[in-house]
Every structure is written in C-alpha cells, then in structure tokens.
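The structure appears below as structure tokens.
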Amino acid sequence: MHVDVIIVGGGLAGTALAVALRSAKLSVALVEGKVPTRTAGWDARIYAISPANAHFLESIGIWSHLDRARLQAVEHMSIYGDTDGRLQFSAYDSGIGELAWICESSLLQCELWESVKRQANVQLFCPARPAAMTINADQVTLQLDDGRQMTCALLVGADGADSWVRQSAGIDAIQRPYDQLGVVANFETEKPHDNTAFQWFRGSDVLAWLPLPGKRISMVWSIATEPGRDLIQCDAEEFSQRVEQVGAARLGKLSLMAAPAAFPLRLMRARQSAQARLVLIGDAAHAIHPLSGHGINLGFQDAASLADVLLQKPEYQDCGSLALLRRHERARKEEVLALQTVTDTLHRLFQAPADPLAPWVSVRNIGMNVTNQLPLLKDLLVRYALAS
Ligand SMILES: Cc1cc2nc3c(=O)[nH]c(=O)nc-3n(C[C@H](O)[C@H](O)[C@H](O)COP(=O)(O)OP(=O)(O)OC[C@H]3O[C@@H](n4cnc5c(N)ncnc54)[C@H](O)[C@@H]3O)c2cc1C
C-alpha cells in the first residue's frame, strides 16, 4: 500500500495534524499503538490551551464540538516567588477574553480521534506499531509489527518524547532529565477559584493550580523525584493537606478527587526536526518543563505549521522534499528554542537553594515584582503566551 503521508503516533499532535490535512489532496495513514479512551470522572491530565491553539482547533472543526461544560477559561493568573516575589496577569487588563482554556487531555484526544475516524483521506492503523523502516531517495518503507508493509512520500514522527521514528532515523537529541516528577491530581475546593490559575515557585519545586469548572482545580506539582515518590504514596487526606499547605490554603480545604499520577520530567530537543522524507512534531521533536504549560501548545503549532506548508505546496511538488520540510522547520525553530530556553532558565533560577540572603533569591523575587509593576512588559509576556 502507498500513501502520501504516514503519521506515526496518534496523540494530540499527530491526530491534530491528520485532521488539519482534511482538505489536502493527500492520502494519509495514521499508525497508533493504543485506542484512546475517555477517562471516567475528571481526567487528571489537563492542558492549559493557549487562545492561539483554541483558534487552531476551531479552524480544524474540533473546538466547537468540545463539551463547553468541561472547559474552563483562565481570566487571572497569580504567580508567587519563594520569598515576596509576586506576579499577576489579568485577561481584562490585557484587553482579551481569557489567558488560556483548561481542557482535559482525554476529552480533546477523543474528539480528535472521532473526527479522524470519519475523514475520507485518512486510514487508521490502530492498535499497530512500526517494526522497521527504510528511507531512500524516493520513498519511506514502513513495516508494521503485524507484518503489514506500506510506503509513503513523507513520514511524520508524532510518537512522543521517546520517539521510535526519531531513534530509528538516527536523529540525535539533547536530553536532560530534571530529576523531577510532574505529579498531577484534581481536587474539589472549599472556596471558588474565580477563574484564576495559581503558581508557586518553591525552590526547584513548582506547584500549579489550574481552575476546572465548578469548585474544582487540577494540580501539576513539579517536585524532586524522591519526595515526589513519597508524596504519591500518601493517603488522600495527607496528600490533600500537603498540597493545601504549599498553596497557603488559598482555596480553603482541598479534597482529592481520584488517585494522583506522576510523570518524569526532562528537557529534550532533537538536533534536527526535518530531513528529506521525514519530519518530527510535538514531543518527538521537543519536550519542555511543564512549568510554562506549553508542551502541547508547541505540538499543536507544529501540526498547524506543517499542515499549512503541505496545504499550500503546489500539487506537483513532492511532499517529502527537503526544501519543503525545511520551510516548516525554520518556521518553528525560533519559538521552540525561545520557550525551551525561557522555561529552562526559570527552572534553573528557582533551583538554587531558597536561602533568603542568597543573591539569586533576591534576583528572582525582585525580578517578579519589577515585572509586575511594568504593564507594557506584562502585556508583551501575555501576548507572547497567547500566540504560542
Ligand atoms: C505532568 C505534565 C503536565 C503537563 N502539562 C501541560 C500543560 O498544561 N499544557 C501543555 O501544553 N502541555 C503540558 N504537558 C506536556 C504535554 O503532555 C505534551 O507536550 C504532549 O502530551 C505531547 O503530545 P504528543 O502528541 O506530541 O505526544 P504524546 O502525547 O506522547 O503522544 C504520542 C502518541 O504516540 C503513540 N506512540 C508512541 N510510540 C508509538 C509507536 N512506536 N507506535 C505507535 N504509536 C506510538 C502513543 O501511544 C501516543 O498516543 C505536560 C506534561 C507533563 C509530563
């Protein structure tokens, strides 16, 4: 079987790309290891989706199909340093509707999956995994683990941070584990959150509370691996109390809604995201610390950029040509590098011990307070985050 494009990995980035190619005159195969399912109750894996990506998802016919009762707008953001640093953002002050939308991962994933299932130019291979690939000048040959074989003009690796495609193509990646876990959990709160996201920098630990509809929040706590493992062993009562304490009981008593989950955190950047006949998108190309909440936002923008390049190319042009794929790579390089650098620098700045007399402690907290007094800089930061 021959198709124009094979996408390996039907996570959010890969499926969004397939959906964005709906109107392309290209045949697409999507290879995914497991069928997505909707989490019962409230998914602990949630994303802060930027307005730019809400717009992208709207443009591919997904956003307006999501259950509005499960979406929460973030209108305010309060960030606290480890001494007296404080930074506040408000959608109202920046003249916009919302800073971000909080959305469950499985809600988005299932909507994208339902859409791609109905798409005439896409064939789904799921559950299936690639077993071998060969790239030559004219095409890529992919063999699946069930023995089926297909060829394509362009292979897209959207198979996450441990990308099989990236490794099989021999593309080297810069990898730096943070020795931290991202612990995620949802809580019912005693007090209303007023559509506010909170973030506390406590040395290298970063605790984020993101508002969910009703009196509920979703937590992402980036915490050193060992204490993180201890944390998830706690019973529901102790776990809730510890989270409540770091957040200075800002929303009163917290009640854990379901068992927490934990993910190891790392910085990863593929040395190149495009070569002839192959391109990497989403976490296969770059993984970022969750403190900026930008991982999948970068992945969606990769999908949007690649789809754009493929949709706009002349019909005669080979969709695996290096010149074409480099156009996409150039368009994405700067933003990915900027966000990885900013989040990594922030992480390092707050990683230094929280001795109130140490100079870096003053720098990071004064920096927050100074930024908070500069409406133009704050506006710039908001507008950059909205567009990413
Ligand atoms: C704790 C935590 C909190 C986060 N919070 C946020 C946030 O608030 N906002 C945000 O934007 N980002 C956040 N992120 C980052 C975000 O989760 C990732 O950037 C995003 O999931 C990447 O999507 P992806 O589709 O590129 O990869 P993945 O989600 O990893 O999807 C890869 C897909 O490929 C499939 N696959 C893998 N290997 C194969 C194979 N060999 N064959 C077939 N299929 C395969 C997998 O089954 C999966 O479906 C967070 C990350 C963590 C760890």
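Here, each number is a calculation from the coordinates, and none is a lab measurement. Keep in mind it's a predicted model, so treat the numbers as computed, not measured. Virtual Cβ from ideal backbone geometry, glycine too; neighbours counted across all protein chains shown.
Values computed for the structure shown
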read-out: Helix axis angle, 322-351 relative to the chain longest principal axis, alpha carbon, degrees; value: 20
read-out: Pairwise Cα inverse-distance average, inverted: Kirkwood Rh of the chain (Å); value: 21.8
read-out: Amide H contacts under 5 Å for Glu190, placed H, 5+ residues apart; value: Lys253
read-out: In sequence order, calculated HN-Hα J values of region 212-218 (Karplus, 6.51, -1.76, 1.60; Hz; x Gly/Pro); value: 10, x, x, 8, 9, 9, 10
read-out: Under 5 Å, built H, 5+ apart or other chain: amide partners of Ala29; value: Val5, Ile6, Ile7, Gln123
read-out: For the chain, calculated [θ]222 nm from helices alone, where every DSSP H run of n ≥ 4 adds -39500 (n - 2.57); value: -10500 deg cm²/dmol
read-out: Net charge of Cβ neighbours under 13 Å - reference Asp344; Lys, Arg +1; Asp, Glu -1; value: +4
read-out: Cα long-axis angle, helix 375-387 against the chain (0 to 90 degrees, to the nearest 10); value: 30
read-out: Charge dipole (region 148-278, unit charges on Cβ, about Cα centre) - positive-most of Phe198, Pro177, Thr151; value: Thr151
read-out: Calculated from backbone phi, Karplus (6.51, -1.76, 1.60) coupling profile of region 176-187 in Hz, x at Gly/Pro; value: 9, x, 8, 6, 9, 10, x, 8, 10, 6, 10, 9
read-out: For region 111-179, size of Cβ-based charge dipole, Lys and Arg +1, Asp and Glu -1, in debye; value: 160
read-out: Distant-in-sequence amide H partners of Arg266 (H built 1.01 Å from N, under 5 Å); value: Tyr178
read-out: Fraction of beta bridges assigned by DSSP in the chain that are antiparallel (%, nearest 5); value: 75
read-out: Reachable lysines from Lys253, criterion Cα separation under 25 angstrom, eight or more residues apart if same chain; value: Lys191, Lys215
read-out: Under Karplus coefficients 6.51, -1.76 and 1.60, residue-wise ³J(HN,Hα) of region 63-74 in Hz, glycine/proline x; value: 4, 6, 8, 6, 5, 4, 5, 9, 9, 10, 7, 9
read-out: Selection from Asn53, Cys110, Val246, by position along the positive dipole direction of the chain (Cβ); value: Asn53
read-out: Fraction of antiparallel bridges per DSSP, region 1-146 only, in percent to nearest 5; value: 70
read-out: Contour excess over end-to-end distance, with Cα ends at His65 and Gln233 and 0.36 nm allotted per residue; value: 56.7 nm
read-out: Cα-centre dipole for the chain with unit charges at Cβ (Lys and Arg positive, Asp and Glu negative), debye to 20; value: 580
read-out: Helix axis angle, 105-117 relative to the chain longest principal axis, alpha carbon, degrees; value: 20
read-out: Residue order, fewest to most surrounding Cβ atoms within 10 angstrom, among Asp205, Asp318, Asp179, Asp138; value: Asp138, Asp179, Asp318, Asp205
